[in-house]
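Only one structure is covered here, and it is reproduced in the block below.
The values are calculated or read from the model by the stated rules, or taken from the named source; none is laboratory data. Given the structure is predicted, the values throughout are model-derived calculations rather than measurements. For neighbour counting, all protein chains shown are included, and Cβ atoms are generated from backbone atoms with ideal geometry for every residue, glycine included.
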Amino acid sequence: MFKRELRIGLPHTNYNQLAEHLLMKCVGAFHWDAIAEVMGIPLSKARTVDGREIYATFFYIETLFPSERPACGFKLDDDVEFFGVLRAFKNMSVEGQWVFDHKGSIEQLLLESGDVIDEDIRRRHPFIRFGNVFISLRGSNSNLKVSPPANASFTGFKKLPNEENPYQLVRDAGAKGTFGLFSAVEVWKRIDSGASYNMMYEISPDRDSNGAGLVYFANYFAFMDSAERKALEKISGKRCFTRSEINGRTLRERRMGYFGNADLTDSIRIEVDCYSCEEDSGLLGLRYRIFRVSDGMLICLSEAIKTLGSRENT
């Protein structure tokens with residue numbers, strides 16, 4: 001069991017308090033450090049058998065915020081505790097499960113008995129699940145190859161059964177085009193006339209890259225936030241959204257799969273589909289597909305359920 005502590009500061013927030021893309025940068029760093037601790041080497045030193053550099057890239061992220069623990073409830077100067085467990089499938093991929101809340105809110109003894117975060121704990125506290133695979137670059141960000149590290153130990157990881165590997169979720173979602181968050185058609189209805197909103201975005205090498213020269217995984221959340229905001233602003237008809245509803249939206253649940261990366265000279269196209277919930281008008285469903293412009297390849301698929309702000313038009 002890994003434990004990390006954070007005092008929320010301005011680098012972790014936006015106008016709506018704890019920001020998703022900034023949270024992911026923080027917890028992603030906790031997660032990488034934990035992987036390195038178990039492997040016995042800094043991840044920057046991991047190498048293939050032929051000496052190539054290796055990067056523990058994210059291929060799956062799942063996030064759950066209980067309704068009584070919204071992201072906007074984590075504010076400046078709040079002290080937060082994170083607890084995580086890691087499992088590995090052979091020497092190919094690593095799964096991390098992290099739960100967090102205000103300091104003193106989580107009973108640590110409940111966490112230390114198993115290899116995973118118990119479902120009851122996930123229902124009561126914010127939860128993040130990561131899936132990582134080790135890759136090396138073969139000439140460009142568009143050409144990544146799964147490459148197990150040759151100079152690291154995997155003996156310290158708990159075993160991840162293949163049937164529980166999040167890779168299975170990403171593979172199935174890629175084939176079906178959905179993670180199934182909106183599978184109940186009697187509950188979720190399209191509100192964008194069946195036409196996806198499209199937004200083009202040119203990668204900014206100075207802002208969007210990480211130390212490995214890849215487009216940073218956490219920035220995809222910011223890309224999607226920008227596209228969904230524009231999509232919601234353009235919707236008209238039976239269901240349109242006020243500025244306060246859009247500004248006040250906060251994450252309830254997300255599933256996200258990565259299928260590739262993009263060169264820093266490339267652009268991406270983001271498609272957004274919007275859904276309303278027949279049982280709760282305060283909920284919003286969103287599906288995103290991100291494509292590389294250079295070759296049209298789907299590099300990211302995500303679905304999210306968000307809570308809207310108030311209807312007051314401010």
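Assorted remarks:
- The set of residues in the range 203-214 that are farther than 13 Å from Lys25 by Cα and surrounded by 11 or more Cβ atoms within 10 Å (Cβ to Cβ) comprises Ile203, Ser204, Pro205, Ala212, Gly213, Leu214.
- Filter result for the condition that a residue is surrounded by fewer than 21 Cβ atoms within 10 Å (Cβ to Cβ) and at pLDDT 95 or above, over Leu286, Leu298: Leu298
- The set of residues from the range 172-188 being surrounded by 15 or more Cβ atoms within 10 Å (Cβ to Cβ) and not small (Gly, Ala, Ser) comprises Thr178, Phe179, Leu181, Phe182, Val187, Trp188.
- Residue satisfying condition, being over 21 Å from Gly257 (Cβ atoms) and not in a loop (DSSP other than H, G, I, E, B), within set Val49, Val85: Val85
- Selection status of Leu43, in the same structural domain as Ala71 (by TED's automatic domain parsing), closer than 19 Å to Lys158 by Cα and buried (at least 16 other Cβ atoms within 10 Å of the Cβ): yes
- Within the range 88-130, being hydroxyl-bearing (Ser, Thr, Tyr), modelled with pLDDT of 90 or more and not in a strand (DSSP E or B) holds for one residue alone: Ser105.
- Pair list, Cβ < 9 Å and 6+ apart or interchain, from the range 145-157 residues that are touching a residue at least 60 places away in the same chain (Cβ under 8 Å) to residues that are of a type in the set (Gly, Ala, Ser) and in a loop (DSSP other than H, G, I, E, B): Pro149/Ala46; Ala150/Ala46; Ala150/Gly51; Asn151/Ala46; Ala152/Gly40; Ala152/Ala46; Ser153/Gly40; Gly156/Gly40
- Within the range 215-231, the set of residues being in contact with a strand residue (DSSP E or B) (Cβ under 7 Å, 6 or more places away or on another chain) and either farther than 23 Å from Tyr60 by Cα or in a loop (DSSP other than H, G, I, E, B) (or both) comprises Tyr216, Phe217, Lys230, Ala231.
- Glu271 being at pLDDT 95 or above and either among the β-branched types (Val, Ile, Thr) or in contact with a Leu (Cβ under 9 Å, 6 or more places away or on another chain) (or both): no
- Positions within the range 237-268 being touching a Cys at 6+ places or on another chain (Cβ under 8 Å) and polar (S, T, N, Q), in sequence order: Thr250
- Here Ile305 passes the criteria (1) β-branched (Val, Ile, Thr); (2) over 14 Å from the mean Cα position of the chain (by Cα); (3) assigned to a strand (DSSP E or B) except the one numbered (2).
- Among the residues of this structure, Arg252 does not count as one that is in a helix (DSSP H, G or I), basic (Lys, Arg), modelled with pLDDT of 95 or more and more than 26 Å from Ala56 (Cα to Cα).
- Within the range 200-214, if we keep just the residues that are more than 20 Å from Tyr60 (Cα to Cα) and assigned to a helix (DSSP H, G or I), the residue that is nearest to the chain's Cα centre (by Cα) turns out to be Arg207.
- Scan of the range 173-215 for residues that are of a type in the set (Ser, Thr, Tyr) and without any contact (Cβ under 8 Å) to a residue 24 or more places away in the chain, ordered by number: Ser183, Ser204
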